[in-house]
Amino acid sequence: MFRVVSILPLAALAGCQFIPGTEASKLAAGEVQVREALTDPESATFRNTSYHGATKAVCGEVNAKNRMGGFVGFTRFYALPGFVRFEGGDLGDEQVPVDFGKLYDDFCV
């Protein structure tokens, strides 16, 4: 009986990403959006991801393969509804001539 009861809270937490409106679901949606912007979405690993409700941004770091097939190392990103930006522009197809650091600070800090 004790083992069943101790597993229930873990099972409840594991399903939070599927409950609309929760922070976990917003993080999961942001990671999907980032994967869609990558050259090799299956290679992506994430760390330090967070959701910022005031700006509706998902921010963090992602490591994925570039067009040459090599991992580029963990790169900062932010994802807003409708677009994703990567620091340095090496992970996605789009190069953006803006001050990434300032925008990252505005949306994510």
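Derivation of every value follows stated rules applied to the coordinates shown; laboratory data play no part. Keep in mind it's a predicted model, so treat the numbers as computed, not measured. Cβ coordinates were reconstructed from backbone atoms using ideal geometry, including for glycine residues, and neighbour counts include every protein chain displayed.
Note the full-extension length gain between residue 24 and residue 83 as 0.36 nm times their separation in residues minus their Cα-Cα distance, in nm to one decimal.
19.3 nm
Mind sorting 84, 58, 72, 34 by how few other Cβ atoms lie within 10 Å of their own Cβ, fewest first?
Fewest-to-most ranking of 84, 58, 72, 34: 72, 84, 34, 58.
Rank these for me by crowding, 51, 104, going from fewest to most other beta carbons within 10 Å.
Arranged by neighbour count, lowest to highest, 51, 104 become 104, 51.
For residue 50, what is the net charge nearby, where nearby means another residue's Cβ is under 14 Å from its Cβ and Lys, Arg count +1, Asp, Glu -1?
Residues near residue 50 contribute 0 overall.
At a Förster radius of 25 Å, what calculated FRET efficiency corresponds to the Cβ-Cβ distance of residue 32 and residue 56, to the nearest 0.05?
Step by step, r from the Cβ atoms, then E = 0.95.
HN-Hα J couplings of segment 52-59 from phi, Karplus 6.51/-1.76/1.60, θ = phi - 60°, integer Hz, Gly and Pro as x?
Rounded to whole hertz, the list is 10, x, 5, 9, 6, 9, 9, 10.
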